[in-house]
Amino acid sequence: MSNFTVWKTADPASAGKISAEIIAKTVIAKPDCLLGLATGSTPVPIYKELVAQHKKSNLDFSKVRTVNLDEYVGLSAEHPQSYHHFMMSNFFDHINIDLQNTRIPDGMAADLSAFCDQYEQQITNWGGIDLQLLGIGLNGHIGFNEPASVFTRRTHLTDLTESTRKANQRFFNSLDEVPRQAITMGIGTIMTARKILLVCTGIKKAEILERTFFGPIDPMVPASVLQFHQNVTVVADEAALKTILQKHPEFSA
Ligand code: PGA
């Protein structure tokens, strides 16, 4: 893990604060930066903190551009569990971002494959991702790149594993309602980001975090590919670092 910058925090709220600080620095240094954004429970405290910084210190998002990692197929932008809805209610509704400068995959696109190609093209046209925020799934997925026999390349349509559908069931009335497919940036897309910020909190993630950074680089643990990236910052709370600290006492964050 020596190639990574690791921040150890006491809890998810402080992980949110440190991660928001890293994102705010990027925005201040490059006001028209392209941020790769993520959804899920982990980033919620980060967006909360960025909104607070916008309100308190005028952190300016007026020129910032954003691309989200993924979206469920078959949920409209207005669906309360769509990632469009998540981004609006947790972040975009509360800052001065120009919505024309934001992109989230369209899970309702008539031609999903053509849409995926356009999404990649948009990222290229915007000059590539400056900072990609990532959470990590219990199965090691990043975005919706699920464990597989090969690393995926670019934005694509994917089937969700039962493990991911069960992990996300908490947001829906039943497992049946959880979509079975999603559009996600590929591992190749994520790896082209100039900087990666991986945020991981909670004891449930301790084992997969250890496998990600200390295990073999293996598409069955998609996040392990990050061992090949030159600029990764990990922000993790003590609980998430538990297995790493147990198995690798030499490691210090
Ligand atoms: P979580 O999801 O933040 O809700 O745990 C992370 C992910 O699945 O990427």
Scope the range 125-150; condition among the aliphatic types (A, V, I, L, M) and not in a loop (DSSP other than H, G, I, E, B); matching residues: Leu131, Leu133, Leu134, Ile142
Which numbered condition Arg153 fails, given (1) over 30 Å from Gln118 (Cβ atoms); (2) assigned to a loop (DSSP other than H, G, I, E, B); (3) not polar (S, T, N, Q): (1)
Residue list for the range 230-250, restricted to those being over 14 Å from Ile208 (Cβ atoms) and touching a helix residue (DSSP H, G or I) at 6+ places or on another chain (Cβ under 6 Å): Val232, Val235, Asp237
Test for Val27: is it hydrophobic (A, V, I, L, M, F, W, C), farther than 15 Å from Val232 by Cα and out of contact with any Leu (no Cβ under 9 Å at 6 or more places or on another chain): no
Checking Glu210 against (1) charged (D, E, K, R); (2) surrounded by fewer than 21 Cβ atoms within 10 Å (Cβ to Cβ); (3) at pLDDT 95 or above, the condition it does not meet: (2)
Number of positions in the range 133-157 that are aliphatic (A, V, I, L, M), more than 9 Å from the ligand (Cβ to nearest atom) and touching a Leu at 6+ places or on another chain (Cβ under 9 Å): 2
Those residues of the range 7-20 which are assigned to a strand (DSSP E or B) and more than 16 Å from the ligand (Cβ to nearest atom), in sequence order: Trp7, Lys8
Any pair with Cβ under 7 angstrom, 6 or more apart, that starts in the range 34-60 at a residue that is closer than 26 Å to Tyr119 by Cα and ends at one that is of a type in the set (Gly, Ala, Ser) and in a helix (DSSP H, G or I): Ile46/Gly16; Ile46/Ser19; Ile46/Ala20; Leu50/Ala20; Leu50/Ala24
Residue count for the range 113-150, restricted to those that are out of contact with any strand residue (DSSP E or B) (no Cβ under 8 Å at 6 or more places or on another chain) and either free of Cβ contacts under 8 Å to residues at least 12 places away in the same chain or of a type outside the set (Val, Ile, Thr) (or both): 15
Criterion (within 19 Å of Val199 (Cβ to Cβ) and in contact (Cβ under 8 Å) with a residue 24 or more places away in the chain) met by exactly one of Ile22, Ile97: Ile22
From the options Arg180, Arg170, Arg165, residue that is surrounded by fewer than 24 Cβ atoms within 10 Å (Cβ to Cβ), among the basic types (Lys, Arg), more than 15 Å from the ligand (Cβ to nearest atom) and more than 30 Å from Lys25 (Cα to Cα): Arg180
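The values are calculated or read from the model by the stated rules, or taken from the named source; none is laboratory data. Note that the coordinates shown come from a computational prediction; the quantities given were computed from them, not determined experimentally. We place every Cβ from the backbone using ideal geometry, glycine too, and count neighbours over all the protein chains shown.
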